[in-house]
Amino acid sequence: MVGAAVIRRLQPQDWQAYRAIRLRALEDAPDAFCATLAEAQAWDIGEWAARLERAASSGIDCPLVAELDGAPVGMLWAKVDAAHTNRVNLFQVWVAPESRGRGVASRLLDEALAWARKRGARAVHLGVNRANAHVVRLYERAGFEASGTPRPMREGSSNMEQQMRLLLAAGE
């Protein structure tokens, strides 16, 4: 049996792994993200490294990768909200199909929530495609609750994004 996933922060030198897993996620689950595969493929190669460099120096970003046997199989990006510094937003959450059902998403989520708590965040927010009931249940099990009215994932999409939030402390 393969061991548990190793969760670690992506560093600037990991840009090729980040690019590969992000493109794979957008190809595998185009309805799970606001960005499209075509948009990400159009990025200049330097943009991938620049994103991770900004994350490493910003103090407000936590890009995570899950690895099994050294291979990237999942990701999650946590970021302090620019307008509400007591809030952390989660983006780019994805696990490779062959690694689903093995606790990888839960481990990524746990790591992101630990980072948010360490920063003193009062709440964690995310958006999820309502059609992905399995992922919605993952967030609900972690204590997230729906907030607001669902809206289209992107212009012209029939997929509806539900905002969810987890209160870590009173006051948000």
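Since every read-out is calculated from the coordinates, none of them should be taken as a lab result. Since the structure is predicted, the reported quantities are computational estimates derived from the model, not experimental observations. Cβ atoms come from the backbone with ideal geometry, glycine included; neighbour counts cover every protein chain shown.
Per-structure values
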read-out	value
Shape of the stretch 84-170, Cα gyration tensor, a/c cut at 1.5	oblate
Fraction in percent of alpha-carbon pairs per bin - 10 Å, the stretch 52-133	18, 47, 30, 5
The stretch 6-167: mean projected area of Cα convex hull, nm²	9.3 nm²
³J(HN,Hα), Karplus 6.51/-1.76/1.60, whole Hz, each residue of the stretch 93-103, x for Gly, Pro	7, 7, 10, 4, x, 6, 10, 6, x, 10, x
Signed unit charges on C-beta, dipole axis of the chain, positive-most listed residue 86, 59, 26	86
